Amino acid sequence: MRRLLPDRKAPETAFESTGEYTLEMLVPSDNPYIAKSIGKLGLNNVRGGSLVELRHFDDEKIMSPVPDDEPLMGGDRLVYAGQIDELLELKKTHGLVSADHFIFHYSEIVKGEHQLRTAYVRFGSALIGTTMKENQFEHKHNLTLVAVSRRGKRINSSPRDVILEAGDTLLLQMGSNKEQTDEFSKDLQFFDSTEVPNIGKGTIISSAIMIAMVAVSALGIMPLLQCAFLAAAAMLICRCCSAEQAMRAINWDILMVFAGSVVLGLAIQKTGIAERLAFGILDVCGTNPIIVMTTICLVGTFITEFISNTAAGAMFFPIMYQAAVKLGYEPYPFLIALMISVSSSFATPIGSPTHMLVYGPGGYRFSDFMRIGLLMNIIILAANIFIVNIIYPLTPLQ
């Protein structure tokens, strides 16, 4: 197993030696550009890098990002990120000098209202294929890109000129308030979390409501949908959460995928596509029910690597149902095997949202998932077919 899954370094380790990609410069008191604005001097975006933060000599407050109209003052400390050799040209072009005490470090604690945070670019993010210089993401969300890491190695160039890819790790200097991170969660996933769970009386009440909901549904007293609505109302009445928090917690993207998948499944069934595909599968696989079951489950396992398991299940449900009926067997065992198959996606990082929780932080590559995931898919498929047919034997239709 160790040979199949190599030891990868966490991507944030590429940011630990900040001296390799950041440069601190001081403005001497006799600098001829004092009192002129940062934007007019072109100090925000220079050859080989960009300005990360500015600290005035008489103020400990960190200014990041730095506005173009901010005046340059003697004793100011400017922190740049990018190509060190090219950034050193600022000594000649703008009369800056190297800082005598290097204070910018990855492990520094929050100072003022800013902190360093690491995040990875999500699959499907609008940032993919663009640079920070083009997409105005920094300006829109009031943050500064300090460095970019790809596959555990820092990209040794100006961070704002790097064309971003899915899975890239970004080192950002930004505000520490929670609202700022929630605004762009669709594009970036942070390695850490600013949310601290509030453990107390509400925790016990909400747990009791959830257990009651599951118990009432499991005992057949009330359908699950009605139980869920009553449980949600009870959460609000008992003040376990506010109506605003409840609305914000709804993942509308998942609901739309689920709704679309159900419609797609019905369309496949109503238009006769499911029946035709079932006949086509029987023509290829013959009338052996195990072979037919394995074939459809294998295709379902492959498709679910690229779409959600809900969509894959809705797509193949009518096909598997029709195939079982045409063979003259009860569809129940066939459908159970299918549902397990479309939930077994191990070969790609996009197969499941949980894969992305380790893909970025673990420094893994797409090929790492393929290397061990394909083997896992085959093992799970074989175990699935074997166990399902033992627990739910094939039964001919009456």
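The values are calculated or read from the model by the stated rules, or taken from the named source; none is laboratory data. Keep in mind the model is a prediction, meaning the values are calculated, not measured. Backbone-built Cβ (ideal geometry, glycine too); neighbour counts: all protein chains shown.
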Positions within the stretch 75-84 being surrounded by 16 or more Cβ atoms within 10 Å (Cβ to Cβ) and assigned to a loop (DSSP other than H, G, I, E, B), in sequence order: Asp76, Gln83
Counting only residues that are of a type in the set (A, V, I, L, M, F, W, C), at pLDDT below 80 and touching a Gly at 6+ places or on another chain (Cβ under 6 Å), how many does the stretch 28-63 have? 2
Taking Gly272 and the conditions (1) more than 23 Å from Gln398 (Cα to Cα); (2) surrounded by 14 or more Cβ atoms within 10 Å (Cβ to Cβ), which numbered condition does it fall short on, given that it satisfies the others? (2)
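Among the candidates Gly112, Gly124, single out the residue that is within 19 Å of Pro349 (Cα to Cα), outside the structural domain of Tyr364 (by TED's automatic domain parsing) and at pLDDT below 80. Let's see the steps before the verdict.
Values: Gly112 fails: within 19 Å of Pro349 (Cα to Cα).
Selected residue: Gly124, the only one of Gly112, Gly124 that is within 19 Å of Pro349 (Cα to Cα), outside the structural domain of Tyr364 (by TED's automatic domain parsing) and at pLDDT below 80.
Does the stretch 281-293 contain at least one residue that is closer than 27 Å to Ile378 by Cβ and either in the same structural domain as Lys186 (by TED's automatic domain parsing) or among the acidic types (Asp, Glu) (or both)?
Taking the stretch 281-293 and keeping what is closer than 27 Å to Ile378 by Cβ, we get 281-293.
Cutting the leftovers down to either in the same structural domain as Lys186 (by TED's automatic domain parsing) or among the acidic types (Asp, Glu) (or both) gives us 283.
Taking every residue of the stretch 281-293 in turn, at least one turns out to be closer than 27 Å to Ile378 by Cβ and either in the same structural domain as Lys186 (by TED's automatic domain parsing) or among the acidic types (Asp, Glu) (or both).
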Out of curiosity, is Gly373 at pLDDT below 80 and either more than 29 Å from the chain's Cα centre (by Cα) or not aliphatic (A, V, I, L, M) (or both)? no
Output the number of the condition that Lys140 fails; it satisfies all remaining conditions of (1) surrounded by fewer than 17 Cβ atoms within 10 Å (Cβ to Cβ); (2) modelled with pLDDT of 75 or more; (3) in a loop (DSSP other than H, G, I, E, B). (3)
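Quick one: is Asp68 modelled with pLDDT of 80 or more and in a loop (DSSP other than H, G, I, E, B)? Walk me through how you get there before you give the answer.
Details: modelled with pLDDT of 80 or more: yes; in a loop (DSSP other than H, G, I, E, B): yes.
Against the criterion (modelled with pLDDT of 80 or more and in a loop (DSSP other than H, G, I, E, B)), Asp68 qualifies.
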Mind checking which residues of the stretch 307-356 are over 19 Å from the mean Cα position of the chain (by Cα), hydrophobic (A, V, I, L, M, F, W, C) and closer than 16 Å to Asn384 by Cα? Met320, Phe334, Leu335, Ile336, Ala337, Leu338, Met339, Ile340, Val342
Matching residues, the stretch 144-159, being out of contact with any Pro (no Cβ under 7 Å at 6 or more places or on another chain) and modelled with pLDDT of 75 or more: Arg150, Ile155, Pro159
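Against the definition (part of a helix (DSSP H, G or I) and of a type outside the set (S, T, N, Q)), how does Ala337 come out, yes or no?
Numbers: part of a helix (DSSP H, G or I): yes; of a type outside the set (S, T, N, Q): yes.
Answer is yes for this residue.
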In the stretch 280-306, residue nearest to Ser344 (Cα to Cα) [restricted to those that are over 36 Å from the mean Cα position of the chain (by Cα) and among the polar types (S, T, N, Q)]: Asn288
Return the pairs, sorted by first residue and then second, in which the second residue is at pLDDT 90 or above and aromatic (Phe, Trp, Tyr), the first residue lies in the stretch 224-243 and is closer than 16 Å to Ser207 by Cα and part of a helix (DSSP H, G or I), the beta carbons are less than 9 Å apart, and the residues are 6+ apart or on different chains. none
